[in-house]
1. What does the convex hull of the Cα atoms come to per residue for the range B:337-408, in Å³?
2. Hey, which lysines would be in cross-link range of residue A:228, C-alpha to C-alpha under 24 Å, not counting anything within fewer than 8 residues on its own chain?
3. What do the square roots of 5 times the Cα gyration tensor eigenvalues come to for the protein assembly as shown, in whole Å, largest first, as semi-axes of the equivalent ellipsoid?
4. Magnitude of the Cβ-charge dipole of chain A, K/R +1 and D/E -1, about the Cα centre, nearest 20 debye?
5. Which of the lysines could a cross-linker span from residue B:271 if the Cα-Cα distance has to be under 24 Å and same-chain partners fewer than 8 positions apart are dropped?
6. Taking amide hydrogens as modeled 1.01 Å from N in the peptide plane, which residues meet the under 5 Å criterion relative to residue B:204, leaving out close sequence neighbours?
7. Once every DSSP H run of n ≥ 4 in the protein assembly as shown is given -39500 (n - 2.57) and the sum is divided by its residues, what mean residue ellipticity at 222 nm do you get, rounded to the nearest 500 deg cm²/dmol?
8. Using a 10 angstrom cutoff on alpha carbons, build the Gaussian network for chain A and name the most mobile of A:223, A:214, A:121.
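Values quoted throughout were computed directly from the atomic coordinates according to the rules given, and no laboratory measurement underlies them. Since this is a predicted model, take the numbers as computed values, not measurements. Here the Cβ positions follow ideal geometry from the backbone for every residue, glycine too, while neighbour counts run over all protein chains shown.
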Amino acid sequence: MADVILEVRDLHVKVGDNEIIRGIDLTIERGTVHALMGPNGSGKSTLSLVLMGHPKYAVTQGDVIFQGRSILELPPNERSLAGMFLAFQYPSSVPGVSVANFMRNTLMARHKGDAPLTPAKFKALLDNAAAKLKIETKVLGRYVNDGFSGGEKKRLEMLQMLVLQPTLAILDETDSGLDIDALRIIAQGIEAQRSPEHSILLITHYQRILNYVKPDKVHVLVKGRIVKEGGPELAQELERTGYDPIIKELAAV
Amino acid sequence: MALEEKQLVDKDYKYGFRDQTDSYSFKSRKGIDHDIVEQISQMKNEPQWMREFRHRSLDIFLSKPMPAWAKNEVLEAIDFDDIYYYMRASDREGKTWEDVPEDIKRTFDRLGIPEAERKFLGGVTAQYDSEVVYHSIRKDLEAKGVLFSDMDAGLREHEDIVRKYFATVIPPADNKFSALNSAVWSGGSFIWVPPGVSVDIPLQAYFRINSENMGQFERTLIIAEPGSFVHYIEGCTAPTYSSNSLHSAVVELIAMEGAHIRYTTIQNWYKTVYNLVTKRAMAYKNAHVEWVDGNIGSKLTMKYPSVYLMGEGARGEVLSIAYASEGQHQDAGAKMIHAAPNTTSIITSKSVSKNGGRTSYRGLIKVYEGCDGVKSNVRCDALLMDPQSRSDTYPTMEVDAKDVRIEHEATVSKVGEEQLFYVMSRGLTEVEATTMIVNGFFEPFVKELPMEYAVELNRLIALEMEGSVG
């Protein structure tokens with residue numbers, strides 16, 4: 001039996017009176033890459049934010065078990081320290097805080113009580129991750145996401161993932177809005193993260209990124225429910241047909 | 001020099017040089033009148049002109065209404081009869097460490113302030129032993145011909161210079177509080193920098209700490225002769241406890257042609273203190289004056305550092321931050337008076353309000369007729385930490401010239417849920433995340449500070465965000 005990292009059980013989520021997630025079950029094993037696909041407004045981003053603990057969303061039913069324990073009561077920082085990471089679709093800026101300083105703080109949060117990370121070790125870690133993503137050193141001195149282009153923001157999310165080495169990385173449309181070169185670099189970042197120890201939940205609208213990152217499993221989310229699951233071939237099928245046949249099929253039921 | 005002499009004397013003679021007039025029985029009492037002013041002047045053994053200046057100033061103070069520039073109900077509540085206007089070091093030393101409030105002591109602990117400094121900052125001792133540092137710096141300055149002393153010593157030792165410039169930038173009649181300061185001033189710093197001399201280390205009031213340093217009514221006068229440079233730092237980030245409820249300083253800067261003065265203040269008065277300060281600079285041809293002004297403490301601060309741009313090519317800058325928490329009002333800003341063509345001014349103001357604290361930006365840009373080619377840029381950013389807090393902007397522009405370029409931009413933002421969530425999602429607690437966001441907001445100010453001040457200020461903000469600072 002594979003080692004289960006994340007188990008989402010019958011999850012229901014409301015924003016105001018609106019139920020956005022309407023009963024999701026999802027299991028992710030250690031060392032696997034899952035793609036979660038779906039049309040706009042299907043609840044993909046909501047699911048990623050709920051998993052990370054965004055205060056705006058109210059879980060009305062179900063549970064989320066991460067590495068053996070329910071995390072619904074944990075604030076986002078504790079979920080992060082437990083090994084969860086979210087690459088944001090729309091990352092916030094933190095003016096006045098350099099990328100290097102930001103990363104140092106996030107690492108320090110993980111080394112409380114331990115021997116602190118030496119400056120040399122930290123620099124090596126950061127430079128190494130930056131090189132994999134072709135991020136220039138001077139970017140590390142810029143303020144976090146402040147004045148960054150869309151592509152730069154996505155790369156910075158990947159940088160954080162590679163430095164923090166989360167057990168589960170949730171990538172919320174990290175591939176959207178990128179040109180082909182940028183997409184390739186992001187894909188390389190994801191492949192660099194992929195390992196028997198690390199799981200990835202890749203949330204995407206398009207099949208495009210899956211040409212570079214081959215998922216172990218594909219789930220299709222429509223109107224707050226997972227309506228179809230399969231292997232990589234499911235993504236290719238969707239690329240050909242679009243989401244319409246699935247939506248029609250559902251309507252017919 | 002007088003200061004060294006004073007320090008030597010202080011070692012075995014507790015009351016210092018001033019006790020040459022000890023036979024005169026001075027007794028501090030509350031309230032202000034001509035007797036008190038007379039006694040202060042006599043105690044200090046001052047020349048006749050200063051004595052008369054004080055009396056004249058007192059008359060102005062007594063007859064002047066509160067400043068109309070910024071009406072403030074907190075200000076109206078000051079009871080001038082309930083204040084000590086002059087206390088000698090010996091009067092102050094009666095206090096013990098036990099008298100210093102617990103919250104202040106806790107903050108000292110967490111900021112890692114050394115023992116000797118704590119007692120000074122807590123107002124327990126009048127003297128802070130920094131002789132070693134102090135002497136080497138003194139020697140260096142003396143070699144360059146720089147004069148740096150407390151204002152009382154400056155008046156005694158260099159009466160000609162003081163008399164020439166004293167109260168020429170801020171006359172007693174300027175406002176009620178400058179009149180009050182002129183009547184009862186004591187302490188502060190006197191600096192004169194010879195032509196062409198660049199003082200490469202910041203001069204800090206810290207280096208010549210005595211009881212007057214943190215006095216209620218200090219008076220500072222800095223004269224930078226043509227082509228010279230000096231950076232003066234006043235105050236410190238640690239909370240400064242004072243049993244005095246009113247602090248009203250006057251600071252006058254004079255930057256001659258091509259001179260450059262930078263004046264850095266970090267004010268963290270205890271949260272019962274009224275901090276009403278008049279700061280003004282004269283910048284002559286191609287001179288450059290910078291006010292770097294940080295306001296963290298006090299109950300009410302009203303302070304608008306000004307630069308009078310008197311000669312072509314002169315440049316004035318104010319970079320200020322204000323932090324107001326519960327029960328605090330930081331009413332701060334800047335005034336730039338363009339009295340010559342092709343002068344430039346830049347005002348950058350950043351404020352953070354938390355727990356119902358209130359910050360105001362109050363500014364004036366004035367351009368006189370015929371002063372073409374003036375450029376001015378004003379930027380005010382306010383950050384609100386919660387809905388109970390408040391921030392206002394009161395900009396005034398009086399422009400009587402035609403060819404000018406004036407830009408004003410003001411933003412008010414809230415620490416957003418999204419931003420907080422983003423930072424927390426990387427493993428930082430809510431307090432850590434908030435601290436990071438606020439420190440980032442203040443970064444343009446902090447990076448202008450010498451390292452040790454920058455580190456302390458960042459740490460102080462962290463304590464404020466935890467809500468554990470008194």
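1. On the way: hull volume 4.4 nm³, N = 72.
Hull volume normalised by residue count: 61 Å³.
2. Correct list for residue A:228: A:14, A:44, A:214, A:217, A:248.
3. After scaling each eigenvalue by five and taking roots: 61, 26, 23 Å.
4. 620 debye
5. Within the straight-line limit of under 24 Å, residue B:271 reaches these lysines: B:30, B:71, B:95, B:105, B:119, B:176, B:279, B:299, B:303, B:350, B:354.
6. Long-range HN contacts for residue B:204: B:233.
7. It lands at -9500 deg cm²/dmol.
8. A:121
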